[in-house]
Amino acid sequence: MRRYLLAILILLSSSAAVTAGGKDPYDLGHASRFRLGLNFQFTSFRTWQIDFGCHYMVTPWLGLGASLGGWRQYGQWNSPEGPNWWVLKSDRHVSNVFLRPSLLLTTPTLWRIGKTEWGLMANPGVMLNVPNQRVTIEKSNDWDYEDQEHISSSRGKWCALDCRLGLYLRAGKVYIMAGYILSNLEIYSYYRNMEYDGVKFSDYYPRRKGLQGGFVTISYNF
């Protein structure tokens, strides 16, 4: 984690240096203070995530903003079940929605290739998930009668820190950013605290920390 914090500090120092030096020659102007972005990412815990956000660019290299999105697991080996009940198929893959306040940090242009400009970026944030999860239990008996029951949990870790580190490519007012994501999100946090018919869900959802993966963000200045 220290190397990621170091990278963020370097980016902050670069931003401060540019601001202190006066007007930046590549400043897009007052009309381009806002940057809209759409982010996609996949992680080592077999989750995908999508979020849409907006940052107000205090300087050309420092933005303050937030995004709204959701994540969902696309792979799960097993799920809780009993002799005559099981978790509804659509609830077997854990998911949640979130609000993510964040900083957007970029270096000044480091390389130019044709009409494009390249540099480094960091996007540290706080993921605020919905602090409750619910699953549906399907039940059957010897006479093939089916019924459903809902159980939920509000005990779990709903707040997570994360940071996206990578490269940016700029072409006019369009930015494409890609790189590495690191987070302490626990995707099974709420599910491990559930229990039904004497079966503890923690036996099926292990304690995992240190999520990582890759991301791509497309954004536009306006």
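The values are calculated or read from the model by the stated rules, or taken from the named source; none is laboratory data. Every value quoted in this text rests on a predicted model; they were computed, and no experiment measured them. Every residue, glycine as well, gets a Cβ built from its backbone with ideal geometry; the counts of neighbours run over all protein chains shown. Ligands, DNA and RNA are stripped out before the accessible areas are found, and what is left, the full protein with its side chains, is counted by its heavy atoms. Shrake-Rupley method; radii C 1.70, N 1.55, O 1.52, S 1.80 Å.
Looking only at Cα atoms, what is the convex hull volume of segment 110-222 per residue, in Å³?
Enclosed volume per residue, from the Cα hull, is 160 Å³.
Per-residue accessible area for ASP91 at 1.4 Å probe radius, Å² rounded to 10?
40 Å²
Give, as a single signed number, the net charge of other residues whose beta carbon lies under 14 Å from the beta carbon of SER153, with Lys and Arg counted +1 and Asp and Glu -1.
Combined, the nearby Lys, Arg, Asp and Glu give +2.
Test of understanding: what is the full-extension gain from PHE52 to SER154, defined as 0.36 nm times their sequence separation minus their Cα-Cα distance?
34.1 nm
Roughly what would the spin-label model give for TYR74 and ILE113, points 7 Å off Cα along C-beta, in nm?
Distance between the two pseudo-spin positions: 2.6 nm.
Run down the lysines and flag those whose C-alpha is under 16 Å from the C-alpha of LYS115, throwing out any fewer than 8 positions away in its chain.
Partners found: LYS173.
Looking only at segment 35-127, where both bridge partners belong to it, what percent of the DSSP beta bridges are antiparallel (to the nearest 5)?
Here the share of antiparallel DSSP bridges comes out near 100 percent.
Within a Cβ distance under 13 Å of TRP118, other residues only, what is the Lys/Arg minus Asp/Glu net charge?
+2
Summing +1 for each Lys or Arg and -1 for each Asp or Glu, what net charge is found among the other residues whose Cβ lies under 14 Å from the Cβ of LEU167?
+2
Taking a label point 7 Å from the Cα of LYS139 along the Cα→Cβ vector, which residues of segment 179-201 have an amide N closer than 20 Å to it?
From segment 179-201, the list is 194-201.
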